[in-house]
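Comments concern the structure below.
Please treat every number below as a calculation from the coordinates, not as lab data. All values reported here derive from a predicted model rather than from experimental measurement.
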Amino acid sequence: MIQEAGGAINFTMFLTLFGAKMGGTDPEDVIMGAWKQFDPQGTGILHKDQVQHILKGGGERFNDEEMGQMFEGVESCLNEKGEFDYQAFTRIVKRGEEEEE
């Protein structure tokens, strides 16, 4: 994924690349269903360590650099306890960053 950028990756570029990987393949509800497989309580939250384990362990595996870039780009989805809001993340990836009101 990094090689496809052709240069430095900022948040917008990350969303574009990640969205391209996801765009046109799975609708938002399918992606949410995949995240929910790892969230049996249905909280919408996974710990950062669990997200890293998921993304480094299956399919098109993320490396350490890609994981760091992903979390740097979605600070709004990660709180100080290391909890990752996968619902907000999926909305950002599929719809773009929502403006604050």
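Rounded, prolate or oblate: which one fits the range 26-101, using the alpha carbon gyration tensor with axes a ≥ b ≥ c (rounded when a/c is under 1.5, else prolate when a/b beats b/c, else oblate)?
It is rounded, given that a/c, with a ≥ b ≥ c, falls under 1.5.
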- In whole Hz, what ³J(HN,Hα) sequence does the range 86-92 give by Karplus (6.51, -1.76, 1.60; θ = phi - 60°), x for Gly and Pro? 5, 5, 5, 4, 5, 4, 5
- Message: Could you give the length gained by full extension between residue 72 and residue 50, i.e. 0.36 nm per residue of separation minus their alpha carbon distance, to one decimal place?
- Response: 6.3 nm
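For residue 43 and residue 81 in the same chain, what is the full-extension length gain: residue separation times 0.36 nm, less their Cα-Cα distance, in nm? Provide the component values of the computation, followed by the final result.
Working: separation 38, 0.36 × 38 = 13.68 nm, distance 1.49 nm.
Full extension from residue 43 to residue 81 adds 12.2 nm.
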